[in-house]
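Q: One structure is given below, represented as structure tokens, and several questions about it will come after.
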């Protein structure tokens, strides 16, 4: 850091940053253009591959790679018939329910374990034993235990999302800067007040990261759960289309899941940016 | 002079190593005392014991007639690394103590605004620490500590992380704030000129193990001129004392 004169120490730093803002705006515009070009190229290549195969090269059965507009037509058709909205609603409600259960348990248990070494010693071994097992390994078992209804799927999703949320919460709580705790102690804060006003806010960035990863995990496993035992949902849509060789429906199911993931991740990021505005601001954005 | 802090035969050992050996000191009300010594002399450990973060292995620390066993709001502290809550704005950081004391919302805003103005940062009330310079952060930290009206103020190398110019500016600020607030201050530093500029009394610490080497009153009136012959003479004298201790550490 350079030496600060009285004036520069107290002057609002915004004046000098105006050109930086302009540069950043340009940078953002360039980024937007590049990203748009990339998306357009993706669909163009897909279209070209499908078209050339069907009419010029004839390398494989054209049914295997329908062009993008056929997937779009499938979307319109299934929306009209009410099938697609029903499947989206079914998958989303399972994901949201499972996620909420995982969020509550993950944050609560992560907090308790992060706070107490004794409880950590007591709970950590079985959790560490279970964690490396891919959740999918338990899916058949859960279906036998809880049936093929909603229950088994919600539990499965909650189980899959629990670990990232638990782990990051626990780490966040454990590694709060001891200096901040000391500062709060000398300002008169009790244990409970320190937890509420220092530990929790300090762990919030970790907790939010865990929630985001956990949510992604939910979307990751929902399809598999619906392959195995469901009569609705996007996974069911894909699996059902497979039986009838409806390529465009299968791709549509995958595309919708991708879209849902994208939308939710953007929403969560926006929420994160708001809650952690102190951190974003520190980066100067 | 009324005694405010009494350090009574305090020793501290970590494992087998004795960090502090039988320190006895008395610190009077409304005085600024500097603990001066090279790194490793245990001055920060001593301060931590007055704060109540660390317990002495032997002896005890008494503040306002009560033995120190844990941190409390009577003993405010300013750390070298600021320790501001990054998710709270400058104003909200200063409000923390009054909030814990359960002052009504309006009142605690007023208290915080008053102390923010005292350190000259009223224009930055709504900034987060990440948006402030080091000097500004330390001003907020000082305001946060004194806004809680502690009985004694402990400062652990508070200006050690700042560039030279900001540091001198904050030293002057410290003297001005002292005039306004009349605090008892225990100030840890390894800077001889800082100690001479600020302190009523300087405790030069010995190393290996940490102990009191020499205590003396600074015979200069405020404000002090860092360039005056008396100031420079005292600086030279203390430098010689401190050098003996640095040599003991075996560096070089």
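Q: Return the average number of partner chain Cβ atoms within 10 angstrom of each residue Cβ along peptide B:127-135. Numbers along the way, then the final one.
A: Details: counts 4, 6, 3, 7, 6, 3, 6, 3, 6.
For peptide B:127-135, the averaged partner shielding equals 5.
Q: For chain A, what class follows from the C-alpha gyration tensor (a ≥ b ≥ c being the square roots of its eigenvalues): rounded when a/c is under 1.5, otherwise prolate if a/b is larger than b/c, else oblate? Please list the in-between numbers first.
A: Working: a/c = 3.14, a/b = 1.35, b/c = 2.33.
Oblate, because a/c is 1.5 or more while a/b does not exceed b/c.
Q: Just to be sure I understand: of the beta bridges DSSP finds with both ends in chain B, what percent are antiparallel, rounded to 5? Before the final figure, lay out the partial values.
A: Values: 21 of 40 bridges.
Antiparallel bridges: around 50 percent, rounded to the nearest 5.
Q: How many partner chain Cβ atoms sit within 10 Å of a residue's Cβ in peptide B:68-74, on average, as a whole number? List each step's numbers first, then the result.
A: Values: counts 0, 0, 1, 9, 4, 5, 2.
Across the residues of B:68-74, the mean count of other-chain Cβ atoms within 10 Å is 3.
Q: Oh, and also: What value does segment B:62-131 have for Rg/Rh, both radii from Cα atoms and Rh as Kirkwood defines it? Can you show the working numbers first?
A: Values: Rg = 13.9 Å, Rh = 13.5 Å.
So for segment B:62-131, dividing Rg by the Kirkwood Rh gives 1.03.
Q: Rounded to the nearest 500, what is the 222 nm mean residue ellipticity of the protein assembly as shown from helices alone, with -39500 (n - 2.57) per DSSP H run of 4+ residues and division by all residues?
A: Values: 20 runs with 313 residues, N = 537.
Dividing the helical sum by the residues of the protein assembly as shown leaves -19000 deg cm²/dmol.
Q: Separate question: Taking other Cβ within 10 Å of each residue's Cβ, how do A:41, B:41, A:218 sort, fewest first?
A: If I rank by nearby Cβ atoms, fewest first, I get A:41, A:218, B:41.
Q: By what distance, in whole Å, do the Cα atoms of segment B:145-199 stretch along each of the three principal axes, largest value first?
A: Sorted from largest, the Cα extents of segment B:145-199 read 29, 19, 18 Å.
Q: Running Debye on segment B:1-67 with equal point scatterers at the Cα sites and no solvent, what base-10 log of I(q)/I(0) appears at q = 0.20 Å⁻¹?
A: -0.79
Q: Based on the mean of other beta carbon atoms within 10 Å per residue, what is the order of B:135-148, A:129-142, most packed first?
A: Details: B:135-148: 25.1, A:129-142: 13.3.
Most protected by this proxy first, the peptides run B:135-148, A:129-142.
Q: Another question about this same structure. Give me the number: length gained by fully extending residue A:262 to residue A:145, i.e. 0.36 nm times residue separation minus the C-alpha to C-alpha distance, one decimal in nm. It would help to have the intermediate numbers written out before the result.
A: On the way: separation 117, 0.36 × 117 = 42.12 nm, distance 3.28 nm.
Taking 0.36 nm per residue and subtracting the Cα distance, the gain is 38.8 nm.
Q: What's the average, rounded to a whole number, of partner chain beta-carbon atoms within 10 Å of each residue's beta-carbon in B:116-124? Don't skip to the answer; put the middle values down first.
A: On the way: counts 0, 0, 0, 0, 3, 2, 1, 3, 3.
The shielding value for this peptide is 1.
Q: Determine, for each peptide in A:20-32, B:160-172, the mean count of other beta carbons within 10 angstrom over its residues, then list the peptides with the highest first.
A: Details: A:20-32: 10.4, B:160-172: 17.5.
In descending order of packing, they fall as B:160-172, A:20-32.
Q: Rounding to the nearest 10 and keeping the result within 0 to 90°, find how far the Cα-based axis of helix B:229-248 lies from the longest principal axis of chain B.
A: It is inclined by approximately 70 degrees.
Q: Evaluated at 20 °C with a viscosity of 1.002 mPa s, what Stokes-Einstein diffusion coefficient in µm²/s does the protein assembly as shown have when Rh comes from the Kirkwood expression over alpha-carbon pairs? Walk me through the intermediate numbers first.
A: On the way: Rh = 28.2 Å.
The calculation lands on 76 µm²/s.
Q: Which shape class applies to segment B:72-185: rounded if a/c is under 1.5, otherwise prolate when a/b exceeds b/c and oblate if not, where a ≥ b ≥ c are the square roots of the Cα gyration tensor eigenvalues? Can you show the working numbers first?
A: On the way: a/c = 1.57, a/b = 1.20, b/c = 1.31.
The shape class here is oblate.
Q: Also: Residue B:179 label point, 7 Å along Cα→Cβ, cut-off 18 Å on backbone N: hits in segment B:153-172?
A: Counting backbone N atoms under 18 Å from the label point, the list is B:168-172.
Q: Put a dot 7 Å past each Cα toward the Cβ at residue B:64 and residue A:57; how far apart are the dots in nm?
A: For the pair residue A:57/residue B:64, the computed spacing is 8.3 nm.
Q: Give the value in nm², to one decimal: projected area of the alpha carbon convex hull of chain B, averaged over all directions.
A: 14.2 nm²
Q: While we're here: What fraction, in whole percent, of alpha-carbon pairs in segment A:12-63 exceed 19 Å separation?
A: Numbers: 754 of 1326 pairs.
The answer is 57 percent, as a whole percent.
Taken together, the values in this text are just the output of simple stated rules run on the coordinates, not laboratory data. Please read these numbers as outputs of a predicted model, since none were measured by experiment. No Cβ is skipped: glycine too gets one built from the backbone with ideal geometry, and neighbour counts run over all protein chains shown.
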